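The values are calculated or read from the model by the stated rules, or taken from the named source; none is laboratory data. Keep in mind that what you see is a predicted model, and the values were worked out from it rather than measured. We place every Cβ from the backbone using ideal geometry, glycine too, and count neighbours over all the protein chains shown.
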Amino acid sequence: MNKKLQEIINRPDTWIAKEHPNNLSISRNEFLQGKSLSTGFTSIDDVLHLNGWPLGASIEIFEPIHTNGSMNLLLPAMKHLNRQNRWQVFIAPPYIPYAPMLLSKGIDIKKILLIHPKNKEELLWTTEQTLRSTTCSTVFSWFDSKQYRYSELKRLQLAAAEGDMLSILFRDDKTKNTQAPSVLRLLISNHRRVTVLKQRGGKQDITIQLTDEENSSTQLKISKREKDRSKLSLIENHYIVENSKI
Amino acid sequence: MTLWLCLRFEKLSLQSLSLEEDIPIAIFQDQLIISMNYCAFFSGIKIGLLVEEAQELNSNLQLLKRNKSAEKKCLEKLCLWAYSITPKLNIWHDSLRLEIGTCLKIFGGLNSLLSKVDKEITNIGYDVRYGIAPNAAACWLVSHGEKKFNVALSSNLKECISPLPLNLLSEFSSTTKKLSVTGLTTFGDIIRIPNKALKIRFDERFVEFLEYVLGQRKELFNNYYPKDTFLEQYRFSYGVQNKKEIIPAIEYLLESFNIFLTKMQVCTNEICWLFHSIDGYVEELTINSASCFANYKTWRRLTLIKLENQTFKTTVEGLFLQCQDLTPISFRNFDFLYQSEPQEPKEDLLDQLRNRLHSKNIRRLGCCDEHVPEHAVYTADDDCGLLSDIKNEFNERPFWLLPEPQPLKYYEKKLYWKDELNLISGPERIEDNWWSKPISRDYYIAKNLHGNHYWVFRNRRTRRWYIQGIFS
């Protein structure tokens, strides 16, 4: 295949018509492996384009102010990324993360940084710097209900694209109708009710109601695409064996 | 074997002020020309000319007054450079004297050492003459020989210094004048006279010096020791207010600082910039780094980050870089077998954030082995003393803890926090601090109409309700 065309296909934001593993080229599969991280919730993974949180891209989570209930969705990913010797940054968090709870979940709190910017400019600067730094595995940034320009959010998206971290921007649900360059936008309207507002390369306007029974597994499940890829490699191996017999 | 190398900077008075060669420059002292660059030399200017005569020869000639403090600073800088060759050295007149006999093996012999020294000095941009002799006093005299490299061993030392004029010894000018009256003008003339006869007639210090030169007496050597602090300045020739114009000066001083750190094998985690304005006002800018291994790039980046927020009340005339807290480098071992990918140090991000935001706005999370929730969590601006290895068996605990418990509205046997709350689990009793201010609470998990969960408690003493945490 043409090299330039392959590069375009490899981009995680390129939409492929049919998502059957046989339709995806091997190199794209290989490329996309490691570009996403399972959320730890099967029902959410199933609707996400990369079968998990896209890494190296900005994700927006909208929720009503003072609710702050979405961290449960991120705990499995946070725990997984906590194994890396990198910072997990909370920028302008609404409250203090309860350290004993994090410890009980196996999260090393020494890797957590809490940053409290004084104003909007500092918030944007801090978020951009942490996204550009290779020393962070996770960046959670809480935006206030002020207006943020498209260009400001684009800068953050470009900064996130330079790295491989999980980058989440928490925003007030009143701002959900504004334009933004984020790869994924989720709305958490009620308890454990997640709506995919936008997802690059995937389906949108899907609502998932997580039941109280559906808790994240301690070990992150292998994402569907990784499973498909392993199936594909099995088929290929079989094919090579068959050919060698001939 | 002791062997001394003298590096004599014959154009020090000129090159300490300017290394420019494209325009004619001459240095004067007492209205007489004492040094000039090649451009000025080719226009006919010579040492000993009067300033007016030199100006007549070349109207474009730039005349600079000799600056002895600039020469001294220049030699001190060169000492720092030479300190990496040998620890035994000092400044003598316009020269550096280095004991090289003990370090010849390290550099692979005399020729290899001289070629290294010459290459580095040429790169810096100075004109230098070399003198090699068995003692410190003689090597300086030998450097006045006709060649660029002049070598005198014990066997031919007298032969080498004999043709040199006595008036080289400016500190004994009265003695050399007396000698010249009697017809003794060179070292050769003096060496022939017995020491006893010289001692009776001339200055004892002068005779002592001769004994040092000839190796008949051991010289008390004042060794150079590098300073344990760093202070260097950059003077702008005009007032500067635009920050962009200050950046080249910052880079220049940081380069010099970096050389200092390398040569001295020291490190620091704090540097201080002093901006001197024309009216004498000094503004200070302190840069901190969490890592002691900060290098030129890091200091430059941190300085520029902090400079963004700096405002100057008046124009800046001079910039000083100061560092007082230096610690010896502790060496790190690298793994030979496993080579991990080079990664940015984690402290770099902290440095960046602390220099732009205030360090109190960057917090680390800590945990205490306490029953009362608000006492179990704390934040600090560094990780000193942070505990994180406490393992407890917990019931359900919230993700977020409010900085302080907030009172809940209790109306008609119902709890309200923005919405109505219903208790769905509990109570879990937490009692503590009985020895001072007793705490007794019953904790519950409450749920609002939207399904969000909260951690609330009832103070058993006051019978009031509070919210303390938010579940995710």
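If you check B:Leu214, B:Leu168, which single one turns out to be touching a residue at least 24 places away in the same chain (Cβ under 8 Å) and closer than 28 Å to B:Lys77 by Cβ?
Just one listed residue meets the conditions, B:Leu168.
Among (1) exposed (fewer than 15 other Cβ atoms within 10 Å of the Cβ); (2) among the hydroxyl-bearing types (Ser, Thr, Tyr); (3) more than 28 Å from B:Thr86 (Cα to Cα), there is one condition B:Thr327 misses while meeting the rest; what is its number?
That leaves (3) as the condition not met.
Can A:Ser189 be described as surrounded by fewer than 20 Cβ atoms within 10 Å (Cβ to Cβ), more than 14 Å from chain B (Cβ to nearest Cβ), farther than 25 Å from A:Asn10 by Cβ and among the small types (Gly, Ala, Ser)?
For A:Ser189, the condition - surrounded by fewer than 20 Cβ atoms within 10 Å (Cβ to Cβ), more than 14 Å from chain B (Cβ to nearest Cβ), farther than 25 Å from A:Asn10 by Cβ and among the small types (Gly, Ala, Ser) - is not met.
Which of the residues spanning the range B:160-185 are over 45 Å from the mean Cα position of the chain (by Cα) and either part of a helix (DSSP H, G or I) or within 27 Å of B:Leu3 (Cβ to Cβ) (or both)?
Those that are over 45 Å from the mean Cα position of the chain (by Cα) and either part of a helix (DSSP H, G or I) or within 27 Å of B:Leu3 (Cβ to Cβ) (or both): B:Lys177, B:Lys178, B:Leu179, B:Ser180, B:Val181.
Let me spell it out: the conditions are (1) under 23 Å from B:Tyr378 (Cα atoms); (2) within 13 Å of another protein chain (Cβ to nearest Cβ); (3) among the hydroxyl-bearing types (Ser, Thr, Tyr), and B:Ser436 meets all of them except one. Which number is the exception?
(2)
For every residue, the table says whether it meets (1) surrounded by fewer than 16 Cβ atoms within 10 Å (Cβ to Cβ); (2) assigned by TED's automatic domain parsing to the domain that holds B:Pro87; (3) at pLDDT 85 or above.
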site	(1), (2), (3)
B:Tyr238	yes, no, no
B:Gln241	yes, no, no
B:Leu261	no, no, yes
B:Thr286	yes, no, yes
B:Asn295	yes, no, no
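Could you tell me whether the range B:85-94 includes any residue that is surrounded by 13 or more Cβ atoms within 10 Å (Cβ to Cβ), at pLDDT below 90 and over 18 Å from B:Arg8 (Cα atoms)?
The answer is yes; a qualifying residue exists.
Counting residues that are in contact with a helix residue (DSSP H, G or I) (Cβ under 7 Å, 6 or more places away or on another chain) and more than 30 Å from B:Asp382 (Cβ to Cβ), which helices (runs of 4 or more DSSP H) fully inside the range B:193-312 reach at least 1?
Those helices (runs of 4 or more DSSP H) span B:195-201, B:204-213, B:243-264.
What is the one condition in (1) under 28 Å from A:Thr178 (Cα atoms); (2) surrounded by fewer than 20 Cβ atoms within 10 Å (Cβ to Cβ) that A:Ala57 does not satisfy?
For A:Ala57, the exception is condition (2).
Here are the criteria: (1) more than 9 Å from chain B (Cβ to nearest Cβ); (2) among the acidic types (Asp, Glu); (3) farther than 28 Å from B:Lys418 by Cβ. Tell me which single one A:Asp144 does not satisfy.
Only one criterion is unmet by A:Asp144, namely (3).
Which residue is nearest to the chain's Cα centre (by Cα), if the candidates are limited to the range A:117-170 and must be surrounded by fewer than 19 Cβ atoms within 10 Å (Cβ to Cβ) and of a type in the set (A, V, I, L, M)?
A:Ala161
Of all residues in the range A:109-129 being of a type in the set (Lys, Arg) and closer than 27 Å to A:Ser145 by Cβ, which is farthest from the other protein chains (Cβ to nearest Cβ)?
Only one residue fits best here, namely A:Lys120.
Are any of the residues in the range B:306-322 out of contact with any His (no Cβ under 9 Å at 6 or more places or on another chain), modelled with pLDDT of 90 or more and surrounded by 10 or more Cβ atoms within 10 Å (Cβ to Cβ)?
Yes, the conditions are met somewhere in the range B:306-322.
So A:Asn85 passes all but one of these: (1) more than 27 Å from B:Leu402 (Cβ to Cβ); (2) touching a residue at least 12 places away in the same chain (Cβ under 8 Å); (3) surrounded by 17 or more Cβ atoms within 10 Å (Cβ to Cβ). Which condition number does it fail?
The failed condition is (3).
Quick one: is B:Tyr212 at pLDDT 85 or above and touching a strand residue (DSSP E or B) at 6+ places or on another chain (Cβ under 8 Å)?
Here the answer is no, as B:Tyr212 does not meet what is asked.
In the range B:351-363, which residues are within 7 Å of chain A (Cβ to nearest Cβ) and outside any helix (DSSP H, G or I)?
Passing the criteria: B:Leu357, B:Ile362, B:Arg363.
Taking the condition of being more than 7 Å from chain B (Cβ to nearest Cβ) and either assigned to a helix (DSSP H, G or I) or in contact with a helix residue (DSSP H, G or I) (Cβ under 7 Å, 6 or more places away or on another chain) (or both), how many residues in the range A:87-108 meet it?
8
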